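Enquirer: Let me begin by handing over the structure; questions about it come next.
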Amino acid sequence: MAQHELINTIKVERAKRNMTQAELAIKVGVSRKTINTIETGKFTPSTITAIRIARAFELTVEDIFSIVPDK
C-alpha cells in the first residue's frame with residue numbers, strides 16, 4: 001500500500017490575510033507551536049483541528065490540505 005504525504009497551504013493563506021501563526025492559533029484554539037508543526041508538515045492535524053483551520057480562513061478543508069501519493 002502506498003504511503004501518502006499531507007501538504008497544506010496554511011502559510012500562503014496566512015500571508016494573504018496578513019495573519020501570524022499566533023493569531024491563527026487563537027482562532028483555532030491551539031498553540032502557536034501546533035500551528036507551526038502542522039504548517040511545516042511535521043505534524044498531521046486531527047480532523048477537528050483541520051476543520052477549524054479551514055473555517056478560520058473561511059475555506060474548505062480541501063482548499064487547505066491535500067494528499068500527495070509517494071512515487
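Enquirer: So the check is Cβ under 6 Å with 6+ separation or different chains; which pairs have a first residue in the stretch 7-29 that's loosely packed, with under 13 Cβ neighbours inside 10 Å and a second one that's part of a strand (DSSP E or B) and polar (S, T, N, Q)?
Expert: If the second residue must be part of a strand (DSSP E or B) and polar (S, T, N, Q), the pairs left are I7/S66.
Results for (1) modelled with pLDDT of 95 or more; (2) in contact with a strand residue (DSSP E or B) (Cβ under 8 Å, 6 or more places away or on another chain); (3) of a type outside the set (K, R), shown as yes or no for each residue.
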site: I7; (1), (2), (3): yes, yes, yes
site: E13; (1), (2), (3): yes, no, yes
site: M19; (1), (2), (3): yes, no, yes
site: E23; (1), (2), (3): yes, no, yes
site: G29; (1), (2), (3): yes, no, yes
site: R32; (1), (2), (3): yes, no, no
site: N36; (1), (2), (3): yes, no, yes
site: T40; (1), (2), (3): yes, no, yes
site: T47; (1), (2), (3): yes, no, yes
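A quick yes/no check of all residues on (1) surrounded by 14 or more Cβ atoms within 10 Å (Cβ to Cβ); (2) touching a residue at least 24 places away in the same chain (Cβ under 8 Å):
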{"residue": "E5", "(1), (2)": "no, yes"}
{"residue": "K33", "(1), (2)": "no, no"}
{"residue": "K42", "(1), (2)": "no, no"}
{"residue": "I48", "(1), (2)": "no, no"}
{"residue": "A56", "(1), (2)": "yes, yes"}
{"residue": "V68", "(1), (2)": "no, yes"}
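Enquirer: Could you check, for the stretch 12-35, whether at least one of its residues is in contact with an Asp or Glu (Cβ under 6 Å, 6 or more places away or on another chain) and of a type in the set (S, T, N, Q)? Working first, answer last.
Expert: Residues of the stretch 12-35 in contact with an Asp or Glu (Cβ under 6 Å, 6 or more places away or on another chain): none.
No.
Enquirer: Based on what the data block shows, is A15 touching a helix residue (DSSP H, G or I) at 6+ places or on another chain (Cβ under 9 Å) and among the small types (G, A, S)? It would help to see each step written out before you state the result.
Expert: Numbers: touching a helix residue (DSSP H, G or I) at 6+ places or on another chain (Cβ under 9 Å): no; among the small types (G, A, S): yes.
No, not satisfied.
The values are calculated or read from the model by the stated rules, or taken from the named source; none is laboratory data. Source: prediction; values computed, not measured. Note that each Cβ is placed from the backbone with ideal geometry, even for glycine, and that neighbours are counted across all protein chains shown.
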